[in-house]
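Notes follow the structure.
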Amino acid sequence: MPDVFDVLSRDHTEVKRVFTELEEGRPAPSGEDERRLRKNMVEQLIIEESKHEAVEEEYFWPTVRELVPDGDRLADHAVAQEQDAKKTLNDLRHAEAGSDRFEELLASFIAEGREHIAYEEDQVWPELRRVISQERAQDLGRKLEEGKKRAPTRPHPNTPPKPGVLKGAGAAVAMADRVIDKVTGRGTR
């Protein structure tokens, strides 16, 4: 059974791989097929990042707040980073692939994402590892994996990143996201 660090590490590794692939695709693609491929890659990144951040806000950060000395400060900083990233992702969703705006937003998100991943891995994880039991770490890993199956697939920067709000409104938003995805074929191209 993977624990919380295994689940998050797997997500971070995949995101960093996609970041590198997208950076190697610069400068902006010139052909329609290249633009479509780039847009689809970014769309899939947005889906996965939206799910990842939603479950972190619902399960991971409350655990950090509860268990880690100075956990509120660590979580507040990380959640603020995530809120900024949601705004960037939301803008990126609406930008035209291949445009200067798209590339600027993508570069900004990649920089924000790398900074956030480093913060979590270097500042937060060591503190949480010191205080979390293996049983609790595995339970949290399970919650994160299960939560991603029903998490929103779009960034919702105006939804407060509070566990209570996410459990209520988040479920309705996630359901709406998934219905729209199914109807439009988003994430399947």
Would you mind stating whether Thr88 is under 13 Å from the mean Cα position of the chain (by Cα), part of a helix (DSSP H, G or I), over 16 Å from Lys16 (Cα atoms) and hydroxyl-bearing (Ser, Thr, Tyr)?
yes
Only listed residue being of a type in the set (A, V, I, L, M, F, W, C), surrounded by 14 or more Cβ atoms within 10 Å (Cβ to Cβ) and in contact with a Gly (Cβ under 8 Å, 6 or more places away or on another chain), chosen from Val42, Val55:
Val55
When both residues are 6+ apart or on different chains and their Cβ atoms are under 8 Å apart, which pairs have a first residue that lies in segment 101-130 and is within 13 Å of Glu82 (Cα to Cα), and a second that is open to solvent by 60 Å² or more (accessible area, probe 1.4 Å) and in a helix (DSSP H, G or I)?
Ile110/Glu23; Glu112/Asp84; Arg114/Lys16; Ile117/Lys16; Tyr119/His77
Before we move on, is Ala97 closer than 28 Å to Arg35 by Cβ, hydrophobic (A, V, I, L, M, F, W, C) and touching a Lys or Arg at 6+ places or on another chain (Cβ under 7 Å)?
yes
Do we have Leu37 as over 10 Å from the mean Cα position of the chain (by Cα) and without any contact (Cβ under 8 Å) to a residue 60 or more places away in the chain here?
yes
In a helix (DSSP H, G or I), touching an Asp or Glu at 6+ places or on another chain (Cβ under 9 Å) and crowded, with 19+ Cβ neighbours inside 10 Å: is that true of Glu48 in this structure?
no
State yes or no: is Ala137 out of contact with any Cys (no Cβ under 8 Å at 6 or more places or on another chain), surrounded by 15 or more Cβ atoms within 10 Å (Cβ to Cβ) and assigned to a helix (DSSP H, G or I)?
yes
Among the residues of segment 60-69, how many are in a helix (DSSP H, G or I) and surrounded by fewer than 21 Cβ atoms within 10 Å (Cβ to Cβ)?
4
If we scan segment 141-148, do we find a residue that is at pLDDT 95 or above, in a helix (DSSP H, G or I), closer than 20 Å to Glu82 by Cα and among the hydrophobic types (A, V, I, L, M, F, W, C)?
yes
Suppose we filter Arg36, Arg17 for residues that are more than 14 Å from Arg114 (Cα to Cα), out of contact with any Gly (no Cβ under 9 Å at 6 or more places or on another chain) and in a helix (DSSP H, G or I); which single one remains?
Arg36
Residues located in segment 70-100, provided they are in contact (Cβ under 8 Å) with a residue 40 or more places away in the chain, of a type outside the set (D, E, K, R) and either open to solvent by 80 Å² or more (accessible area, probe 1.4 Å) or over 19 Å from His12 (Cβ atoms) (or both)
Gly71, His77, Asn90, Leu92, Ala97, Gly98, Ser99
I need the full set of residues from segment 3-27 which are in contact (Cβ under 8 Å) with a residue 24 or more places away in the chain and open to solvent by less than 40 Å² (accessible area, probe 1.4 Å), in order please.
Asp3, Val4, Phe5, Val7, Leu8, Asp11, His12, Val15, Val18, Phe19, Leu22
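The values are calculated or read from the model by the stated rules, or taken from the named source; none is laboratory data. All figures in this text were calculated on a predicted structure; none of them were measured in a lab. Backbone-built Cβ (ideal geometry, glycine too); neighbour counts: all protein chains shown. Side chains are part of the model used for accessible areas, which takes the heavy atoms of the whole protein and leaves out ligands, DNA and RNA. Shrake-Rupley method; radii C 1.70, N 1.55, O 1.52, S 1.80 Å.
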